[in-house]
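The values are calculated or read from the model by the stated rules, or taken from the named source; none is laboratory data. None of the values given here were measured: they were computed from a predicted structure. Neighbour counts are summed over all protein chains in view; Cβ atoms, including those assigned to glycine, are modelled from backbone coordinates with ideal geometry.
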Amino acid sequence: MKVFWSIAAVLSLWAAATVATSCYYDDYQTLYGTGGTCDTAAVSFATDIQPIMSAQCAGCHGAASPSGGLSLTNYAQIAATTSSGSMLNRVHLPAGNPLAMPPSGPLSSCQKAKLRTWKRQGALNN
């Protein structure tokens, strides 16, 4: 009978360990991120730059009442600010710097890379 209880105890511990570890869950995004790559081979204004500007800049630099008199709602305004270098300089300032943009927090490294690449490619309206 002693052997029976020993075997039962071992099987119970094994079952408990199996159940406890089988409930562990990590979602794909937590484990692997959102893709892991930043494609800057062919940056486009319409698909890459405009969405960044709309999401990160238009809240303060929209058409209604642009902060600092700078509106960033269309290609011409965005291209002019990018070509002068002022926007790229501001988005690369360290967080906490009062001149850093956007004030809500820094752009991702991929967003910054896309802006740099777009400027290097001639800031085309594509």
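Overview of values
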read-out	value
Criterion violated by SER104 - all others in (1) surrounded by fewer than 16 Cβ atoms within 10 Å (Cβ to Cβ); (2) outside any helix (DSSP H, G or I); (3) at pLDDT 90 or above satisfied	(3)
Members of the stretch 52-109 found to be under 16 Å from ASN125 (Cβ atoms) and free of Cβ contacts under 8 Å to residues at least 12 places away in the same chain, listed by number	SER54, ASN74, ALA76, GLN77, ALA80, THR81
Counted residues, the stretch 66-76 - those being within 20 Å of LYS114 (Cβ to Cβ) and surrounded by 17 or more Cβ atoms within 10 Å (Cβ to Cβ)	2
